[in-house]
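Okay, structure first, notes after.
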Amino acid sequence: MTTSRPALDPELARLLAELPAAPALDAESLPLLRQYKLPAEAFLEGRSIERRELSITAADGAELPLSMFRPAGLEAAAPCIYWLHGGGMVMGDRFANLDIPLDWLERFGAVVVTLDYRLAPEAKGATPVEDCYAGLVWVAAHATELGIDPRRLIVAGASAGGGLTAGMTLLARDRGGPAIAAQVLICPMLDHRNDSVSSRQYAEGPATWTRAANTFGWQALLGAATEVPAYVSPALAADLGGLPPSFIDTGSAELFRDEDTAFASRIWAAGGEAELHVWPGGFHGFDALFPTARLSLIARQTRSAWLGRILNSSN
């Protein structure tokens, strides 16, 4: 197969080249890479936001930290963004890329709730997506107490968090709730098979997430499992009907491009509503890593405009 691949956006390519090289993701480097995370305070400075720290109980009895952020002085029932972080199933915490949902908090007067699901390899199989679903059920059950309008419950996530969002939305559909107004899947990690054209085009750098890293993340989650549920690897779902309106975006220059575009196409094939954007020259997570780059600003604005239309239509 040809090794040709779409070029990076010139501005993003320059910014990426200026970053220090990160170690390859493997069992040895994982403990080190897990240390690179920002506290919530890094995203809250200069914002008028109230914060609550809570916890929920997972299906197996484990206690999971959950954080809630709401506009200061908010009184009316507000839309809710239930945010799931990225990190390849093996890294990150509930504050990763928190600026994305906090921008929606400020723009739409939304409550943001974000959960620490358990990570692989310590957690295997369906544990992370079941953790996320347990958090969703808890939020919906406590909507009145939290000041949330249950008709405007949005689920959103990036990368691994996008894949978990997609799997959790399938769970909610198949288990009869909670009702989800829309899902936002940002460069989602959807297919454990890792065998698309784009995954092979970006088998190695320059990239922020390579085929080798993706293989490690999936193997850490699945171990030696031979049966993989669609809730864990949503690309396996036989039926993508009955889903809420979906926003999916990805970059032309990243390994998840093909699985993400295929997922949107299958939603359309099932008669569903999806808006898909493939940002030319965007690498994996470009708008999270460089939020002020020109392409990042366009991507974020487009995503927010779609979400605004969804929230206005559900009033």
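Exposure check, 1.4 Å probe, all protein chains in place: H142 carries approximately 50 Å² of accessible surface. Here the Debye sum runs over all C-alpha atoms of the range 89-208 as equal scatterers in vacuum, and log10 of I(q)/I(0) at q = 0.19 Å⁻¹ comes out as -1.12. Helix 294-313 and the long axis of the chain differ in direction by around 30°, with both axes built from C-alpha atoms. Once the 1.4 Å probe is applied to the protein heavy atoms, the range 126-193 comes out at 26 Å² accessible per residue.
Over the chain, DSSP H runs of length four or greater, each weighted -39,500 (n - 2.57), average out per residue to a 222 nm ellipticity of -10500 deg cm²/dmol.
Only protein heavy atoms count here; on that basis, with a 1.4 Å probe, W268 has an accessible area of about 110 Å². Only beta bridges with both residues in the range 1-143 are counted; by DSSP, about 75 percent of them are antiparallel.
The label point for D174 and the one for A270, both projected 7 Å from the Cα toward the Cβ, are 1.0 nm apart. Against the chain, whose longest principal axis is taken from its Cα atoms, helix 257-269 shows a tilt of about 50°.
Taking V112, V228, V278 and ordering them by how much accessible surface each has at a 1.4 Å probe, largest first, produces V278, V228, V112. Round to a whole number: what % of the accessible area of the chain belongs to carbon and sulfur, probe 1.4 Å? Looking at the chain in its full context, I get 55 percent from C and S. For the chain, the calculated P(r), taken from all Cα-Cα distances in 10 Å bins from zero up to the bin holding the longest distance, is 6, 29, 38, 23, 4, 0 percent.
Most simply put, the chain has about 35% antiparallel DSSP beta bridges, counting only bridges with both residues inside it.
Using a probe of 1.4 Å on the protein chains alone, the accessible area found for R14 is around 120 Å². Per residue, the solvent-accessible area of the range 1-122 (1.4 Å probe, heavy atoms of protein chains only, all protein chains present) comes to 50 Å².
Counting charges near A230 (Lys, Arg +1; Asp, Glu -1) among other residues having Cβ under 14 Å from its Cβ returns a value of -2. Comparing A230, A62, A179 in a Gaussian network model of the chain (Cα springs below 10 Å), the most mobile by mean-square fluctuation is A62.
Counting Lys +1, Arg +1, Asp -1, Glu -1, what net charge surrounds D93 among other residues with beta carbon under 10 Å of its beta carbon? Local charge sum for D93: +2. Working from label points 7 Å from Cα in the Cα-to-Cβ sense, the A7 to S304 distance is 3.0 nm. Here the alpha carbons of the range 168-315 define both size measures, Rg and Dmax, at 15.7, 47 Å. Under 5 Å from the amide H of I49 lie the amide H atoms of A72, each residue being 5 or more positions distant or on a separate chain, with H modelled from the backbone and absent for Pro and chain starts.
Compared with the dominant Cα axis of the chain, that is its longest principal axis, helix 127-141 is turned about 20°. Placing K37, K124 in order of accessible area, with the largest value first and a 1.4 Å probe, yields K37, K124. The fraction of Cα-Cα pairs per 5 angstrom bin, counted from 0 for the range 9-78, comes to 3, 10, 11, 12, 14, 17, 14, 10, 7, 2 percent, rounded to whole percents.
The values are calculated or read from the model by the stated rules, or taken from the named source; none is laboratory data. Remember, it's a predicted structure, so these values are computed and weren't measured experimentally. Note that we place each Cβ from the backbone using ideal geometry, even for glycine, and neighbour counts take in every protein chain shown. In case anyone asks, the SASA skips ligands and DNA or RNA and just uses the protein heavy atoms, side chains included. Shrake-Rupley method; radii C 1.70, N 1.55, O 1.52, S 1.80 Å.
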